[in-house]
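Engineer: Here it is: the structure, laid out below.
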Amino acid sequence: MNNALMTKLIKNYTELDVKYHTNIDNSYHSLVNFSQTKNSPIHRWFYYQEGYSPDLVIHIFDHLGITHKKNTFVFDPFAGSGTTLLVSKQMGFDSYGFEINPFSSYMIKLKTRNYSASDLMEYKNFVVSEDKKIDNVYKKYELKIIKNLFDEDRLIDIEVIKVSIRNVKNSKVRDLLYGALLCILTTISNYRKGGNGLKRKKVNKNMDVFTEFYKKKDEIYADLNKVRHYEKEPNIVNDSCLNINNYDVKNIGISLFSPPYANCFDPFEVYKIELWVGEFVNSYEDLKAKRRQALTSNLNANLKKEFDEVHRTNLLSKILQILSNAELWDKRIIKMLDTYFFDMYCLLKEIYLRTKKSGYCVIVVGNSSYANTPVATDLILAELGEKVGFTVKEIIVGRTNETSSQQHLKIGDLKEYIRESLVVLQKGKQKYCL
Ligand SMILES: C[S@@+](CC[C@H](N)C(=O)[O-])C[C@H]1O[C@@H](n2cnc3c(N)ncnc32)[C@H](O)[C@@H]1O
């Protein structure tokens, strides 16, 4: 980036930080990611690397003084592993969420369901009948890399467990057992999640599929037996939140969510094992269709969308202009970013209409960087929030990403904008609600 443009961008970022009361709050440092969740009952069943900590939900409700359960309806358009919905339920709030990934939305349902004592007893007593014969196991899958992902004997064991689970009549118990199996698929695979996809790992040849399944099953049982909740189950929709118009979402007290970051990370790539072997997708066509419905945050999403420039704030236009003259590793990144902010603008408009007077919309988001130019997603989303009618209460910076010294030299003064923040929007008291 040339110096004049750099100076202009710094000025723009600094002015917006002042306008939006940006403040650093280190108490959010470890809450904006999933690492603290390893020991939290239920949340811990499956490691969801894009998730935030359950304590973040408690912290932000506390910060905004949200205690009135009867009148506060919680909304999460990008539910992921279900952190917002599960914590809301546990705190006694009614909630509603969208999640486009069918595996993730299945897991949220399992985590937020109410189970009776007899459901749990039946679940606890389940044993796999291991005498089934499975032939040509690889043939079942269209997935090209299935032979790399699982050795044949392991995949046969997985299929044997599936057959036994399918024979369980009680659907709640059956679903929960299937969930236990889904949670161990990556553990027993030859691959692990890494970067923007899967990476070959060192495999423990002694690991036994049945033992891992029973271990996970017991963990799930222990959690559900300890944390018994009978509050209302959240409404979870496996569809794009951009289709919100087809659903009855209204009177939102607070939306608390983290959209996919505009960083080219494709969640459908990372959850390939669970999607295919969990039989949520059965063909490449099917996978492609699902990917195209996701928010345009990566290059596998729908980049052909046509739209006008209603969402283009000055800052966004400036960034797009800088990037169009920069050396990007893929020129389609510009269209991706433009579509990302268009999608977010449309969503915020819908959320605004459905939010009660004085209600909140809190977006947890990480900024990205292309061609050594930080893209301040938090500031752009604050601008878009304002454009649709919200007031920007503040931007809380939870974490500044430490850059390497080499990166620091290139990004220089803009490095502080590589950060994870909470954009806090509020609807005015007198404003219209659906
Ligand atoms: C950053 S993650 C959310 C993590 C979540 N806050 C948690 O704690 O688990 C974003 C999620 O949005 C989902 N997603 C992407 N596009 C979507 C869309 N158009 N509608 C609904 N969900 C979508 C992704 O599958 C991903 O699970």
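Engineer: Any idea how many residues of segment 275-293 are not basic (Lys, Arg) and not in a loop (DSSP other than H, G, I, E, B)?
Structural biologist: Counting residues in segment 275-293 that are not basic (Lys, Arg) and not in a loop (DSSP other than H, G, I, E, B) gives 9.
Engineer: If you don't mind, there's one more thing I want to ask. Taking Gly82, is it under 14 Å from the mean Cα position of the chain (by Cα), in contact (Cβ under 8 Å) with a residue 12 or more places away in the chain, under 27 Å from Asn401 (Cα atoms) and near the ligand (Cβ under 9 Å from one of its atoms)?
Structural biologist: Considered against the rule, which asks whether it is under 14 Å from the mean Cα position of the chain (by Cα), in contact (Cβ under 8 Å) with a residue 12 or more places away in the chain, under 27 Å from Asn401 (Cα atoms) and near the ligand (Cβ under 9 Å from one of its atoms), Gly82 comes out as yes.
Engineer: Quick test of your reading of the structure: Leu323 fulfils all but one of (1) of a type in the set (A, V, I, L, M); (2) surrounded by fewer than 21 Cβ atoms within 10 Å (Cβ to Cβ); (3) part of a loop (DSSP other than H, G, I, E, B). Name the failing condition by number.
Structural biologist: (3)
The rows are residues; the columns are (1) in a helix (DSSP H, G or I); (2) over 29 Å from Cys346 (Cα atoms).
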{"site": "Lys199", "(1), (2)": "no, yes"}
{"site": "Lys216", "(1), (2)": "yes, yes"}
{"site": "Ile220", "(1), (2)": "yes, yes"}
{"site": "Asn225", "(1), (2)": "yes, yes"}
{"site": "Glu233", "(1), (2)": "no, no"}
{"site": "Ile236", "(1), (2)": "no, no"}
{"site": "Leu242", "(1), (2)": "yes, no"}
{"site": "Val249", "(1), (2)": "no, no"}
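Engineer: Pairs only if they're at least six apart or on different chains, beta carbon under 8 angstrom, first in segment 1-22 and buried (at least 19 other Cβ atoms within 10 Å of the Cβ), second small (Gly, Ala, Ser) and in a helix (DSSP H, G or I); list them, first residue then second.
Structural biologist: So the pair list comes out as Leu16/Ala382; Tyr20/Ala382.
Engineer: While we're looking at this one, here's another question. Assuming Ser189 fulfils every condition listed in (1) free of Cβ contacts under 8 Å to residues at least 60 places away in the same chain; (2) more than 22 Å from the chain's Cα centre (by Cα) apart from one, which condition is it?
Structural biologist: Among (1) free of Cβ contacts under 8 Å to residues at least 60 places away in the same chain; (2) more than 22 Å from the chain's Cα centre (by Cα), Ser189 violates only (1).
Engineer: Scan segment 361-397 for residues that are within 16 Å of the ligand (Cβ to nearest atom), of a type outside the set (A, V, I, L, M, F, W, C) and in a strand (DSSP E or B) and report the count.
Structural biologist: 2
Engineer: For the condition touching a Cys at 6+ places or on another chain (Cβ under 6 Å), closer than 27 Å to Phe280 by Cα, within 16 Å of the ligand (Cβ to nearest atom) and at pLDDT 95 or above, what is the one hit in Pro102, Pro77?
Structural biologist: Every option except Pro77 fails the conditions.
Let's see how each residue does on (1) surrounded by 14 or more Cβ atoms within 10 Å (Cβ to Cβ); (2) under 29 Å from the mean Cα position of the chain (by Cα):
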{"residue": "Asn125", "(1), (2)": "no, no"}
{"residue": "Lys139", "(1), (2)": "no, no"}
{"residue": "Ile146", "(1), (2)": "yes, yes"}
{"residue": "Val160", "(1), (2)": "yes, no"}
{"residue": "Ser164", "(1), (2)": "yes, no"}
{"residue": "Lys169", "(1), (2)": "no, no"}
{"residue": "Val173", "(1), (2)": "yes, yes"}
{"residue": "Lys199", "(1), (2)": "no, yes"}
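Engineer: A follow-up question, please. Just a yes or no: is a residue in segment 335-345 more than 22 Å from Ile66 (Cβ to Cβ) and away from the ligand (no atom under 16 Å from the Cβ)?
Structural biologist: Scanning segment 335-345, I find at least one residue that is more than 22 Å from Ile66 (Cβ to Cβ) and away from the ligand (no atom under 16 Å from the Cβ), so the answer is yes.
Engineer: Looking at segment 406-430, which of the residues that are assigned to a loop (DSSP other than H, G, I, E, B) and either at pLDDT 85 or above or under 30 Å from the mean Cα position of the chain (by Cα) (or both) is farthest from Thr355 (Cα to Cα)?
Structural biologist: Looking at residues that are assigned to a loop (DSSP other than H, G, I, E, B) and either at pLDDT 85 or above or under 30 Å from the mean Cα position of the chain (by Cα) (or both), I get Ile418.
Engineer: If we keep just the residues of segment 279-315 that are surrounded by 20 or more Cβ atoms within 10 Å (Cβ to Cβ) and closer than 28 Å to Thr187 by Cβ, which is nearest to the ligand (Cβ to nearest atom)?
Structural biologist: It comes out as Ala294.
Engineer: Look at segment 251-274 and say how many of its residues are more than 12 Å from the ligand (Cβ to nearest atom) and outside any helix (DSSP H, G or I).
Structural biologist: Going through segment 251-274 one residue at a time, the tally reaches 5.
Engineer: Here's a follow-up. Just give me the residues in segment 355-368 being more than 20 Å from the chain's Cα centre (by Cα) and either surrounded by fewer than 22 Cβ atoms within 10 Å (Cβ to Cβ) or over 24 Å from Asn245 (Cβ atoms) (or both), in sequence order.
Structural biologist: Answer for segment 355-368, where residues must be more than 20 Å from the chain's Cα centre (by Cα) and either surrounded by fewer than 22 Cβ atoms within 10 Å (Cβ to Cβ) or over 24 Å from Asn245 (Cβ atoms) (or both): Lys356, Lys357, Ser358.
Engineer: Please identify the pairs in which a residue from segment 116-135 that is at pLDDT 90 or above has its Cβ atom under 7 Å from the Cβ atom of a residue that is assigned to a loop (DSSP other than H, G, I, E, B), counting only partners at least 6 apart or on another chain.
Structural biologist: Asp119/Asn170; Glu122/Asn170; Phe126/Val168
The values are calculated or read from the model by the stated rules, or taken from the named source; none is laboratory data. Predicted model only: the values in this text are computed from it and were never measured. Note that each Cβ is placed from the backbone with ideal geometry, even for glycine, and that neighbours are counted across all protein chains shown.
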